[in-house]
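Okay, so here's the structure we're looking at.
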Amino acid sequence: MPENTSIQVRDFEITTGNRSKSFENIVVALMIACSAVAIVVTIGIIFSLLFESINFFKKVPMSEFLFGTTWSPQTALRADQVGASGRFGAVPLISGTLLISFIAMCVATPLGLFSAIYLSEYAGNKTRSIVKPLLEILAGIPTVVYGFFAALTVAPLLRAGGEGIGLNVSSESALAAGVVMGIMIIPLISSLSDDVINAVPQSLRDASLGLGSTDSETIRRVILPAAIPGIAGSLLLAASRAIGETMIVVMAAGLAANLTANPLEAVTTITAQIVALLTGDQEFDSAKTLSAFALGLLLFAVTLILNMISLKIVNKYREQYD
Amino acid sequence: MTNMFTTPSRLRKARAAAERRFRWFGLIAIGISLTFLFVMVGSIILKGRGALSTSGIAIVVDLNPDNVDPNDVKGTRFDSLMKKSLRNTFPDVKSRKDKKKLYGLLSVDMGFELRDQILENPAILGGPQKLWFTASDDIDLLLKGAVDMSLAEDNRRISDMEAGWIDTLTAAGDTRRKFNAKFFTNGDSREPELAGILSALMGSILTLLVCFLVSFPTAILAAIYLEEFAPKNRLSAFIEVNINNLAAVPSIVFGLLGLAMLLNVFGLPRSTPLVGGLVLSLMTLPTIIIAARASLRAVPPSIREAALGMGASPVQATFHHVTPLALPGILTGTIVGMAQALGETAPLLMIGMVAFIADVPSSIVEPAAALPVQIFLWADASERAFVEKTSAAIIVLLVFLVLMNLLAIFLRKKFEKRF
């Protein structure tokens, strides 16, 4: 009898073992397929943008797109119409994007950095546990809400303020969009910088304080220099977010393609133009529609490069202190 | 150097002052950020509060059989009956232009409202009845006190004459404010007083449902593979780089992908929750994967080793023991990702979810609006009354986001195990 049971047990083991093995192979294959979705999506993005952009560059030379200074994409009703071809110089859009992003970074960098320093070096646990989630709410509010606020509250306020001191502020000024966008990316900078500042080894702090420096001297002379690569990484990530931000600029910055560095004037951005070109009726082979994909490719390339650099910096920096 | 030793107190004072200044910079930075948050949310709540109530005007309508045939109620010309009743209420209005203004006191839907009231309660037929109707958007603003009557008559949307009518009605007790149920039960409308968020809300819910069904299983399997099974080779590293980059790709680029691939190559129907959900799921995928991996990593190796030691296969150890322990963290990450998807607007604009949709969608292949897109559309509308509608829609959106985040916090607090 005992021999019999042992055989049974062995049989049982063998069969379940075999069945689960093939089943497990399927499960593992499924998991690999799911992981590969990330690659498929990236490839999909690159291909769809490249494909439509190539079609666009067949109609409009790439040099005009990259270096032309006039942006007026209209579709012709008749072939002989004046200006029927439209002008596709992206320089005003690039400059507008950079201007608004620059304003946003000017607002967000000091506010985010000082918040992070205060939270990680000065604030007690209780303050930290209240203020940190509150700052993160800023990141959780949808951008369409920021856009509404920028267009309806901030822009008229700036306009009225400008009139008060004799400045002519456009109702769709780059300043309004930039400031509100800056507020939106504060939590991005503050939480990433908070992480890198916390990653600076305590021994560096202790050594500096032990030599008699004050807290602020320790932060400025020891902690910030040690954390600078990580902070730079977080700023790059924030800049990439600002460049790709859409709703705030669509609602608050308008569509006037001015080539200007004056923050009080209206400018337009790459993202705002993509939305303008692709909403509403469209025929798919017109240069007007295709130009949106060329702009998308430009946007994707720029943000991808910024993201790659910043991720590399942040990861390298993390390893350094691990 | 001598200075440092001879006047130590001065130096100490300067250093202490620098210390205080630095600390103040931090506090001011936090103060500005939080002030902005409170001003923004506060101003939207103040603006949106008005949309929760709506104004009504009571008009006497003569429902005698000459005007409304009891046997053929639906054949009645309700609009002209309403116009007649308005004329009877203010008999001294004579000119064509003034009459048009008079009809404008009530919403354009007044005929339908009368029909609905009669169909609901046929007993009111037979004689003159005083019935309540929705006021038009401008009158609604006037009754809410949102019209500045001190401006010159040409500069405001309400003329003195209209204000006089309303004063007469109010004095007679024939105007009222009540809870605006229509805002939650109606679809979109060109008329602000009739516009509601139900169609947009349903559209958003359907879109999120598609997004969840696609992204959750995919993300969880991908996370488990990358964390538990993936060999340390180039392919794994490449997948990881891809995921991290996708998390930072601007959302509008996903919209372009949806437009070029899903709509133009695969021919999926435009403006539908199906396409919207698919595009959003690609966006939330990296968020959920990153959160799920962190939470899987937090499960101690002893759990895996114990399971493997008892004879479980790696797949069994992972699915029976590790994943259940990591599930609260994974769900939290999923809810956060869904909350992001709920507020996302730009990619939906790309796939055509900006059309004017008044009907409440009932399936994922019908054209639908979404809540954030509705906000965008209303923010663009020219009627002033849409400002408070937009703010109210934002409040609804924020309430949903808060609820989702509270759920996430609750899950984390309740089920998360610390090892």
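Remarks
- Test result for A:Lys288, in contact with a Ser or Thr (Cβ under 7 Å, 6 or more places away or on another chain), assigned to a helix (DSSP H, G or I), in the same structural domain as A:Arg159 (by TED's automatic domain parsing) and at pLDDT below 85: yes
- Residues being facing chain A (nearest Cβ under 7 Å) and either surrounded by 23 or more Cβ atoms within 10 Å (Cβ to Cβ) or assigned to a loop (DSSP other than H, G, I, E, B) (or both) - total across region B:233-250: 5
- Residue, nearest to the other protein chains (Cβ to nearest Cβ), within region B:360-378, restricted to residues that are in contact with a helix residue (DSSP H, G or I) (Cβ under 6 Å, 6 or more places away or on another chain) and in a loop (DSSP other than H, G, I, E, B): B:Ala370
The rows are residues; the columns are (1) farther than 26 Å from B:Gln374 by Cβ; (2) part of a helix (DSSP H, G or I); (3) polar (S, T, N, Q).
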position	(1), (2), (3)
A:Gly178	yes, yes, no
A:Ser190	yes, yes, yes
A:Ala207	yes, yes, no
A:Gly212	yes, no, no
A:Ala226	yes, yes, no
A:Ile231	yes, yes, no
A:Ile243	yes, yes, no
A:Val249	no, yes, no
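- Cβ-Cβ distances below 7 Å connect the following pairs, each with a first residue in region B:111-132 that is more than 17 Å from B:Ala58 (Cβ to Cβ), a second residue that is not in a helix (DSSP H, G or I), and a separation of six or more residues or different chains: B:Leu125/B:Leu63; B:Leu125/B:Val68; B:Leu125/B:Pro70; B:Gly126/B:Leu63; B:Gly126/B:Asn64.
- For A:Val154, the conditions (1) within 13 Å of another protein chain (Cβ to nearest Cβ); (2) under 16 Å from the mean Cα position of the chain (by Cα); (3) within 30 Å of B:Leu377 (Cβ to Cβ); (4) of a type outside the set (D, E, K, R) all hold with the exception of (2).
- For region A:118-127, the criterion of a residue being buried (at least 24 other Cβ atoms within 10 Å of the Cβ), facing another protein chain (nearest Cβ under 7 Å) and either modelled with pLDDT under 90 or assigned to a helix (DSSP H, G or I) (or both) is satisfied by at least one position.
- Within region A:238-250, residues that are more than 7 Å from chain B (Cβ to nearest Cβ) and touching a residue at least 12 places away in the same chain (Cβ under 8 Å) reach partners that are hydroxyl-bearing (Ser, Thr, Tyr) and not in a helix (DSSP H, G or I) with beta carbons closer than 8 Å, at six or more positions or on different chains, in the pairs A:Val249/A:Thr268; A:Val249/A:Thr269.
- Number of residues in region A:238-280 that are at pLDDT below 90, more than 18 Å from B:Ile351 (Cα to Cα), out of contact with any Asp or Glu (no Cβ under 7 Å at 6 or more places or on another chain) and not hydrophobic (A, V, I, L, M, F, W, C): the value is 4.
- When B:Lys178, B:Lys182 are screened for being exposed (fewer than 15 other Cβ atoms within 10 Å of the Cβ), over 14 Å from B:Ala385 (Cα atoms), touching a residue at least 60 places away in the same chain (Cβ under 8 Å) and not small (Gly, Ala, Ser), only B:Lys178 passes.
- The number of residues in region A:163-176 being in a helix (DSSP H, G or I) and free of Cβ contacts under 8 Å to residues at least 60 places away in the same chain comes to 2.
- Any hit, region B:363-382, residues being among the small types (Gly, Ala, Ser), within 19 Å of B:Cys211 (Cα to Cα), surrounded by fewer than 21 Cβ atoms within 10 Å (Cβ to Cβ) and touching a residue at least 40 places away in the same chain (Cβ under 8 Å): yes
- Going through (1) over 17 Å from the mean Cα position of the chain (by Cα); (2) farther than 17 Å from A:Ser171 by Cα; (3) of a type in the set (A, V, I, L, M) one by one, A:Leu237 falls short only on (1).
- Among residues of region B:252-268, those that are buried (at least 24 other Cβ atoms within 10 Å of the Cβ) and farther than 17 Å from A:Phe51 by Cα, counted: 1
- For B:Cys211, the conditions (1) surrounded by fewer than 24 Cβ atoms within 10 Å (Cβ to Cβ); (2) more than 21 Å from A:Ser310 (Cα to Cα); (3) within 24 Å of the chain's Cα centre (by Cα) are fulfilled apart from (1).
The values are calculated or read from the model by the stated rules, or taken from the named source; none is laboratory data. Since we're looking at a predicted model, the values are computed, not measured. Heads up, the Cβs are rebuilt from the backbone with ideal geometry, glycines too, and the neighbour counts pull from every protein chain shown.
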